[in-house]
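Written below as structure tokens is the structure these notes are about.
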Amino acid sequence: MKTGTPFSSNSTKALLLGSGELGKEVVIELQRLGVEVIAVDRYDNAPAMQVAHRSYTISMVDGVALRSVIEKEKPDYIIPEIEAIDTSVLVAMEKEGYNVIPTARAVQLTMNREGIRRVAAETLRLKTSNYRFALSYEEYKKAIDELGIPFVIKPVMSSSGKGQSIVRSVKEIEPAWKYAQEGGRVKGGTKVIIEEFINFDYEITLLTVKHKGGTSFCEPVGHFQVDGDYRESWQPHPMSNVALKKAQDIAQKITDELGGFGLFGVELFVRGDEVYFSEVSPRPHDTGLVTIASQELSEFALHVRAILGLPIPEIKFWGPSASSVLLPEGVSRNISYHNLEKVLTLPGTHLRLFGKPDISGKRRMGVVAVRAESVEAARQRAKSASESVVYSFD
């Protein structure tokens, strides 16, 4: 494997589709290895655009605009970092010889909960919750009759927990349906998945790396969510050897099926020693931001090494770590961050300010990742550090 020099005739190019905070870290890792990076997103000055060699602002669900950028840049690697993409274009471009990471099929399947759930449960026979799909309110009510209450409802196409609800009573049935319709990527007529509620003990993300040397696993990541959106994560999450082996087996099977090279975030429910497949993302996972502090190679460095076909001889884990997001609330295009010296007082603390250009309501604007002597201590320090940041909106 070789790389060229950015801006030269022999440059190695990567086109990043989605330029949020996770993409920003991917850009940095790519550039460390000499790759010329072009960032794309739907709005100007997105975090990854701020560190990329150049950028484009387009709607990535606009297939004509997406194809135009790809044909203009002729990248060696097309790296989707979000789900709101016209995947039919990626499938077509892959057939034309472009390298879509990890594969166009993987991107297409995982952006739609119906596609990946059917592959996991019906093709691979992995253990999942019981589920139904519904396109109408009548189908939704029928699914509830079959699955019972409580249950979970999600749009088949959404991100960051949008449109997701746990329904625990009859009075919540209709509001949950309306919320799912509002939260889906396609407004109105949104197909939903209704899942049996599993009273699990905990949920983990198993960061799984497919690389030329085989499959490698990071330590399991535990996390705390609000409305389906991550607020804290920690590593390692304690689990029995039996459960860990089952989790790794599931992750191996689903990532083998999806194919290609890169890092996958495999989400799993665990109850006792039983492990249930939930979802998988063919890219770095937000809960994996904890690896900034916990590992020699972060999830972003691992993703890039795998994409480029470079060796991953080991995943060195430094020790118990945790992350906590910065979640201010306000309306502004001029955001300032204060009291940062307090955040970085203790050793083993890492701060990332994402550089998002505006805020309207609550928005994840940064993260603190901390390494400590125990997971509990790391969680306390990370939360305390993230809460010590003061914001002003000019």
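The values are calculated or read from the model by the stated rules, or taken from the named source; none is laboratory data. Predicted model, so just to flag it, every value in this text is computed and none were measured. Cβ coordinates were reconstructed from backbone atoms using ideal geometry, including for glycine residues, and neighbour counts include every protein chain displayed.
State whether the residues of segment 158-169 include one that is in a loop (DSSP other than H, G, I, E, B), in contact with a Leu (Cβ under 9 Å, 6 or more places away or on another chain) and under 24 Å from His285 (Cα atoms). I'd like the intermediate steps shown before the answer.
Of all residues in segment 158-169, those in a loop (DSSP other than H, G, I, E, B) come to 158-164, 168-169.
Subset that is in contact with a Leu (Cβ under 9 Å, 6 or more places away or on another chain): none.
Checked segment 158-169: no residue is in a loop (DSSP other than H, G, I, E, B), in contact with a Leu (Cβ under 9 Å, 6 or more places away or on another chain) and under 24 Å from His285 (Cα atoms).
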- Query: In segment 299-308, is there at least one residue being touching a strand residue (DSSP E or B) at 6+ places or on another chain (Cβ under 7 Å), within 21 Å of Pro238 (Cα to Cα) and either hydroxyl-bearing (Ser, Thr, Tyr) or without any contact (Cβ under 8 Å) to a residue 40 or more places away in the chain (or both)?
  - Reply: no
- Message: Let me confirm something: among Glu314, Glu257, Glu267, which residue is outside the structural domain of Gly34 (by TED's automatic domain parsing) and within 17 Å of the chain's Cα centre (by Cα)?
- Response: Glu267
- The correct count of residues that are assigned to a loop (DSSP other than H, G, I, E, B) and surrounded by fewer than 19 Cβ atoms within 10 Å (Cβ to Cβ) in segment 113-137 is 6
- Message: Out of Glu329, Glu296, I need the residue that is in contact with a strand residue (DSSP E or B) (Cβ under 7 Å, 6 or more places away or on another chain), surrounded by fewer than 16 Cβ atoms within 10 Å (Cβ to Cβ) and not polar (S, T, N, Q). Which one?
- Response: Glu329
- Query: Do we find that Tyr140 is of a type in the set (Ser, Thr, Tyr), in contact (Cβ under 8 Å) with a residue 40 or more places away in the chain and either crowded, with 17+ Cβ neighbours inside 10 Å or outside any helix (DSSP H, G or I) (or both) in this structure?
  - Reply: yes
- Test for Gly213: is it surrounded by fewer than 18 Cβ atoms within 10 Å (Cβ to Cβ), under 30 Å from Gly260 (Cβ atoms) and not polar (S, T, N, Q): yes
- Query: Can you pull out the residues in segment 188-207 that are part of a loop (DSSP other than H, G, I, E, B) and either in contact with a strand residue (DSSP E or B) (Cβ under 7 Å, 6 or more places away or on another chain) or farther than 22 Å from Ile116 by Cβ (or both)?
  - Reply: Gly188, Thr190, Lys191, Phe197, Ile198, Asn199, Phe200, Asp201
- Query: Is there a residue in segment 110-118 that is basic (Lys, Arg) and more than 30 Å from Gly260 (Cα to Cα)?
  - Reply: no
- Residues of segment 376-393 being out of contact with any helix residue (DSSP H, G or I) (no Cβ under 7 Å at 6 or more places or on another chain) and buried (at least 20 other Cβ atoms within 10 Å of the Cβ), in sequence order, are Ala378, Arg379, Arg381, Ala382, Ser386
- Message: Contact list please: Cβ distance under 6 Å, first residue in segment 32-53 and under 10 Å from Gly18 (Cβ atoms), second residue among the hydroxyl-bearing types (Ser, Thr, Tyr), pairs at least six apart or on different chains.
- Response: Ala39/Ser19; Ala39/Ser55; Val40/Tyr56; Asp41/Ser19; Arg42/Ser59; Ala46/Ser19; Ala48/Ser19
- Residue tally, condition assigned to a loop (DSSP other than H, G, I, E, B) and not acidic (Asp, Glu), over segment 208-264: 13
- Query: When only residues in segment 354-365 that are free of Cβ contacts under 8 Å to residues at least 60 places away in the same chain and within 17 Å of the chain's Cα centre (by Cα) count, which is surrounded by the most Cβ atoms within 10 Å (Cβ to Cβ)?
  - Reply: Met365
- Could you pull out every one of the strands (runs of 3 or more DSSP E) wholly within segment 337-388 that has 2 or more residues that are under 25 Å from Phe300 (Cα atoms) and at pLDDT 95 or above? 349-353, 366-371
- Task: Working only within segment 70-85, note down all residues that are without any contact (Cβ under 8 Å) to a residue 60 or more places away in the chain and surrounded by 18 or more Cβ atoms within 10 Å (Cβ to Cβ).
- Result: Ile70
